[in-house]
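No value in this document is a laboratory result; all are computed from the given coordinates. No experiment lies behind these values; they were computed from the predicted model shown. Note that each Cβ is placed from the backbone with ideal geometry, even for glycine, and that neighbours are counted across all protein chains shown.
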């Protein structure tokens, strides 16, 4: 059961610095804007996540896992396009919907479990599944921009999903945990590489796929509450935050919230924090949600 976790962990630890070197050589780099010195950091590190997770799953591939892996890789492809061309948000969502369609090929129960109450959605479940994975991928992609934030929260979410699922869903989640943890070693503060949209979209899709395969969709949604809050707040400004202003780094290294409401901005307004402290707070919140999910699952 732990084999995919260990393979994903070892491969991502080894592959990530190699991908970072390749990206720097190709000039695919970005500025770490939340540090005073604004160092140059390799982008598109999520390629290491795509490769490591794929190789981690190969020894245990079956029909369901193969289809889940296909969706994961297709979202990674959308992420690559976004990283290289900067897709419009609407185009990214449409492409996400298209690449999520293969989820309907997975044989799964068409019922939705709402904390012990089962609702049979029939054929509508497959529409729900496509929307669910698309939403999960784009929510994780949106709550991002700080060292270790998106990969760390995804790893925590996948860890708790592994604890409450069985079979293929657990194997998929464990592979994600190992791969994310290995990448996080290089992505944590101060980051040596950024995941890019190729990393955030694919990890978000992976979380959604585990939710579908494990029939824990509602628990998965609970784990994505911070992401959903961020989405709702940014929806008020029609996702045009960059045009309104960015997070500023003050002389003492603490962060000044951007001039619009966001989930991270709320934390910055409530407490003066440095980048690593902000990320640690979000990790703790995600871990707390994981505990809630685990206890709720035990009680049902």
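Size of region 88-155 from its Cα atoms: along the principal axes, largest to smallest, the extents are 40, 29, 17 Å.
Label region 159-272 by shape, choosing from rounded, prolate and oblate, from the square roots a ≥ b ≥ c of the eigenvalues of the Cα gyration tensor; if a/c is under 1.5 it is rounded, and otherwise prolate applies when a/b is larger than b/c, oblate when it is not. Since a/c reaches 1.5 and a/b is larger than b/c, the shape of region 159-272 is classed as prolate. The gain in end-to-end length when the residue 280 to residue 117 segment is fully stretched comes to 55.2 nm, 0.36 nm per residue minus the alpha carbon separation. To the nearest ten degrees, helix 124-142 and the longest principal axis of the Cα atoms of the chain are 20 degrees apart. Protection proxy ranking of 174-186, 102-114, 260-272, 134-146, by the mean of other Cβ atoms within 10 Å over each peptide's residues and highest first, is 174-186, 134-146, 260-272, 102-114. Restricting the calculation to alpha carbons of region 3-214 gives Rg and Dmax of 16.7, 55 angstrom. Summary of packing: across the peptides 193-199, 153-159, the per-residue average of other C-beta atoms within 10 Å ranks them, highest first, as 193-199, 153-159. Per-residue ellipticity at 222 nm, computed for the chain from helices alone with -39500 (n - 2.57) per DSSP H run of at least four residues, works out to -22000 deg cm²/dmol. Taken along its principal axes, the alpha carbon cloud of region 179-223 reaches lengths of 36, 16, 16 Å, longest axis first. What the Kirkwood sum gives for region 1-126 is a hydrodynamic radius of 17.3 Å, with every pair of different alpha carbons counted. For region 48-97, the direction-averaged projected area of the alpha-carbon convex hull comes to 3.7 nm².
Any chance you could give the angle, 0 to 90 degrees and rounded to 10, that helix 149-164 forms with the longest Cα principal axis of the chain? Approximately 20 degrees, to the nearest 10.
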